[in-house]
Amino acid sequence: MKDIKRIGILTGGGDCPGLNAVIRSITKTAIGDYGIEVVGFIDGFKGLVENHYRTLDFQSVSGIGHTGGTILGTTNRDNPFRYLISPEKEEPVYCDKSAQAIQNISDAGCDGLIVIGGDGTLNIAQRFHEIGVKIVGVPKTIDNDLQATDVTFGFNTAVNTASEALDKLHTTAESHHRVMILEVMGRYAGWIALHAGISGGADVILIPEIPYSLDRIIDKIKFRYQHNKKFSIIVVAEGAAAIDGKMEVQKMVPTSHDPIRLGGIGRKVGQDIEDLTGIETRVTVLGHLQRGGQPIPFDRILSTRYGAAAVEAFVSGQFGTMVSLQGTSINTVPLTEAIKDIKKVPTDSDIIRTARSIGISFGD
């Protein structure tokens with residue numbers, strides 16, 4: 001600990017409720033408990049490459065724990081190992097700027113980095129660790145798709161947002177005898193759709209892990225009509241796909257670490273249902289509302305715990321690790337364990353069985 005003078009931090013990937021609570025916790029723990037200075041690199045790895053940072057102190061992080069977004073800014077397009085240097089050209093030109101980033105870490109007087117992000121950001125963090133940078137990771141994603149941790153901060157706030165949307169859609173669906181579809185985020189994992197669907201009283205939940213049959217969905221809707229339930233609520237994860245189909249892709253973004261931008265499955269399912277049943281079907285795409293706003297208390301607390309634990313891991317020399325919630329305890333795990341694969345919903349899990357037990361269809 002006596003050799004550590006200054007820690008750099010950055011937030012990468014999509015924004016997420018709870019980021020500011022982590023920044024606040026890291027800063028207050030580092031300064032208050034260990035006398036270590038903290039600097040925050042602006043706009044994720046872009047700030048690391050371009051040497052843009054700000055000093056963080058008690059004053060700069062005061063009152064931010066309950067706020068959404070990140071005071072440092074973030075981006076999911078600036079990988080220092082494949083840095084876009086000519087975006088205006090028809091064919092993008094990339095260059096390895098990792099050596100420049102490492103020099104900037106040194107020039108800023110930082111002994112290493114605490115990197116807050118999801119799988120893309122933490123993959124980059126692991127590459128820096130492999131070439132000698134002292135790294136500790138903090139798991140962040142509303143998708144909850146990171147391995148080696150029970151839950152990521154931001155997830156529960158996103159579920160809360162989706163659940164509130166379903167509560168509102170219920171009244172319109174019942175009043176107008178409609179099928180209402182809510183499309184939610186999650187990329188290739190169905191955690192948000194599953195949890196929000198159970199919480200919000202969905203009749204059908206479509207997730208990437210369980211390919212759906214349109215016939216089974218329509219069977220469920222007709223069954224409800226036969227039992228005087230003249231409305232249905234369907235939650236669709238953006239990565240869901242039919243048994244014989246593909247995921248719906250909104251667009252390709254080649255400059256992003258995840259070039260496939262999913263979206264549109266809700267409208268497809270809605271149109272298919274209306275065409276085949278004649279029942280008026282409306283679709284709501286929740287989109288970036290799930291990322292925004294104040295974190296709920298659970299995420300504020302989890303973020304604060306993660307931030308303090310990340311500083312403790314750094315001070316104790318546990319580099320190349322990520323702080324992780326396991327049960328009720330915060331532990332550290334190797335970054336390689338966290339990024340080795342996407343954490344998907346196990347189709348034989350207790351929560352899937354519970355959903356089926358109360359009559360929720362997964363379209364299979």
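The values are calculated or read from the model by the stated rules, or taken from the named source; none is laboratory data. In this text, all values refer to a predicted model and were calculated from it rather than measured experimentally. With ideal geometry, Cβ positions are generated from the backbone for all residues, glycine too; neighbour counts draw on all protein chains shown.
Inside region 188-201, can you point out the residues that are surrounded by 24 or more Cβ atoms within 10 Å (Cβ to Cβ) and not in a helix (DSSP H, G or I)? Selection gives Gly190 alone.
I'd like to know if region 62-82 contains one or more residues that are without any contact (Cβ under 8 Å) to a residue 40 or more places away in the chain and within 22 Å of Lys28 (Cβ to Cβ). Yes, the conditions are met somewhere in region 62-82.
Within region 111-156, which residues are in a helix (DSSP H, G or I), more than 17 Å from Asp78 (Cα to Cα) and hydrophobic (A, V, I, L, M, F, W, C)? Result: Phe155, single match. Within region 55-70, is there a residue that is assigned to a helix (DSSP H, G or I) and under 22 Å from Leu325 (Cβ atoms)? No, every residue in region 55-70 fails to be assigned to a helix (DSSP H, G or I) and under 22 Å from Leu325 (Cβ atoms).
For region 133-169, the tally of residues that are of a type in the set (Asp, Glu) and closer than 22 Å to Ser329 by Cβ stands at 2. Looking at Ile330, Ile360, Ile351, just one residue is assigned by TED's automatic domain parsing to the domain that holds Glu130, at pLDDT 95 or above and farther than 17 Å from Leu113 by Cα, and that residue is Ile330.
If you go through region 234-248 and keep only what is surrounded by 24 or more Cβ atoms within 10 Å (Cβ to Cβ) and over 13 Å from Gly263 (Cα atoms), you end up with Ile234, Val235. Within region 39-72, being within 15 Å of Leu19 (Cβ to Cβ), surrounded by 18 or more Cβ atoms within 10 Å (Cβ to Cβ) and aliphatic (A, V, I, L, M) holds for Ile42, Leu56, Val61, Leu72. Among the residues of region 212-266, just one is farther than 22 Å from Ser361 by Cα and either among the acidic types (Asp, Glu) or modelled with pLDDT of 95 or more (or both), namely Asp258. Filtering region 320-343 to residues that are hydrophobic (A, V, I, L, M, F, W, C) and crowded, with 17+ Cβ neighbours inside 10 Å leaves Met322, Val323, Leu325, Ile330, Val333, Leu335, Ala338, Ile339.
Whether a residue is farther than 26 Å from Arg261 by Cβ, crowded, with 20+ Cβ neighbours inside 10 Å and in contact (Cβ under 8 Å) with a residue 40 or more places away in the chain was assessed, and Ile114 passes this test. Report yes if Ile105 is buried (at least 19 other Cβ atoms within 10 Å of the Cβ) and not in a helix (DSSP H, G or I), otherwise no. Against the criterion (buried (at least 19 other Cβ atoms within 10 Å of the Cβ) and not in a helix (DSSP H, G or I)), Ile105 does not qualify.
Against the numbered list (1) surrounded by 16 or more Cβ atoms within 10 Å (Cβ to Cβ); (2) within 21 Å of Gly120 (Cα to Cα), Gly292 comes up short only at (1).
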